[in-house]
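Inspection log for the structure reproduced underneath, given as structure tokens.
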Amino acid sequence: MTDKLPKVLTKLEVESLLEQPNPRYFSPHRDYLIMRLMLKAGLRAAEVVSLRPEHVDLMSGKVMVREGKGAKDRTLWVGEELIGELEEWMDRRPESDWLLPTRKGTKVATSHLRRSVKRYARDADIDEVERVSPHTLRHTFATCLYRESGRIRVVQKALGHSDLSTTMIYTHIVDE
């Protein structure tokens, strides 16, 4: 069973991963925020790069995913700390339709995101680095949420799964 379970990062691995991008520079700062959003809200790679400024309510901490997988919308909340970081980012980002664009204002490619996460994971010296991907951040979010809440339906709703059986894998990860 364990070989089929997704890789989930430990708290220390998450901390180490998030320490890798240097926020003084534009692209690493953006990559850091992308990874934070994926870890705090369980966003898919395509969802995080498709976020628009109007999808984030900086007052309430609400993030609206529009047209997620299966063309479903969902609403998630992120903590005050991340909202503060996003407020700072708003002053820095170029004029763009996208919340977390490239320096030129275009949408970040998910292939770029995959390469960046892998590189940061390698730099963070994370075990089984070949198994680390943007989706690993989503698995880590879901596993933490299930550990904290003990409620699989909460995890299902946060991830936007229509079928509970898809979400049940997280009960096995926690049982491990």
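The values are calculated or read from the model by the stated rules, or taken from the named source; none is laboratory data. Keep in mind that this is a model prediction, so the values were computed, not measured. Each accessible area value is taken on the protein alone, full model and side chains, heavy atoms only, with ligands, DNA and RNA left out. Shrake-Rupley method; radii C 1.70, N 1.55, O 1.52, S 1.80 Å.
Taking the helices alone, the chain has a mean residue ellipticity at 222 nm of -15500 deg cm²/dmol, built from -39,500 (n - 2.57) per DSSP H run of at least 4 residues and averaged over all its residues.
If you look at the Cα atoms of the chain, you get an Rg and a Dmax of 15.6, 47 Å.
Can you bin the stretch 79-176 into rounded, prolate or oblate? Criterion: square roots of the alpha carbon gyration tensor eigenvalues sorted a ≥ b ≥ c, rounded for a/c under 1.5, prolate for a/b above b/c, oblate for the rest. Prolate shape, in that a/c is at least 1.5 and a/b is the bigger ratio. Relative to one another, the C-alpha centroids of the stretch 109-135 and the stretch 38-79 are positioned 21 Å apart. The H on the amide N of TRP77, modeled in the peptide plane, is under 5 Å from the matching H of VAL63, each at least 5 residues off or on a different chain. The accessible surface of the stretch 52-176, taken with every protein chain in place and a 1.4 Å probe, is 46 percent carbon and sulfur.
Annotation: Cα Rg of the stretch 26-119 relative to the compact-globule expectation 2.2 N^0.38 Å equals 0.99. Across the stretch 87-142, Cα-Cα pairs farther apart than 13 Å form 66% of the total.
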